[in-house]
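> Can you read through this structure? Questions will come right after.
The values are calculated or read from the model by the stated rules, or taken from the named source; none is laboratory data. Predicted model, so just to flag it, every value in this text is computed and none were measured. Methodologically, a virtual Cβ is constructed for each residue, glycine included, from the backbone with ideal geometry; neighbour enumeration extends over all protein chains shown.
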Amino acid sequence: MAMKSKFAATPAKLSPFSQSVLRELGKRVAIGFPADGAGRQPEPGEPNPPTNAMLAYLNEYGAPDQNIPQRPFLVPGVESITKQAAERLKKGAIAAFSGDLSAPVKALNQVGLIGVAAVQERMTDGTFAPLAERTLAARRARGRTGEKPLIDSAQMRRAVTYAILNKGQGE
């Protein structure tokens, strides 16, 4: 769920400083998994492994036709930092209007780091539907003993990241 804020102004009527502030405030942070460049190390006998983004989507929303239950971790993880994020962004905006044009990006970076940590924590500590016996057997065959959903090789957990995007970018 995206957090939105609104501020309307006619840029042509603003000072160059105010235009710069609005440009900085138009940025946003995206927390999740990049669709490109997010490859995984293949398991033995797995020629084309799915990307972390694909696995994250599959786990977040499930696939009933494949008997994969929903195991939401990304959206709840991000939603869990809403108050913290709002406070950091508010401070960044106030600092920007006070002359510190780097404050909004610093605030977005802070929110990104907090968000990544929250999503990773949710993956590790969340309560999810248990793995099927078939999945557990496949893990054992690969020499793994863990029974925790979302945590097998930990590649997906390590791949959680954030990006700061300009207005309209990545939509």
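> So residue 95 ticks every box in (1) within 28 Å of residue 58 (Cβ to Cβ); (2) surrounded by fewer than 18 Cβ atoms within 10 Å (Cβ to Cβ); (3) small (Gly, Ala, Ser); (4) touching a helix residue (DSSP H, G or I) at 6+ places or on another chain (Cβ under 6 Å) but one. Which box is left unticked?
For residue 95, the failing item is (1).
> Which residue pairs have Cβ atoms under 8 Å apart, sit 6 or more places apart or on different chains, and have a first residue in the stretch 44-55 that is surrounded by fewer than 10 Cβ atoms within 10 Å (Cβ to Cβ) and a second that is not β-branched (Val, Ile, Thr)?
Going by the 8 Å Cβ cut-off, the qualifying pairs are 44/142; 48/42.
> To continue, here is another question. Of everything in the stretch 91-143 that's among the basic types (Lys, Arg) and either modelled with pLDDT under 95 or not in a helix (DSSP H, G or I) (or both), which residue is nearest to residue 160 (Cα to Cα)?
106
> Something else now. Look at residue 158 and say whether it is of a type outside the set (Gly, Ala, Ser) and assigned to a loop (DSSP other than H, G, I, E, B).
No.
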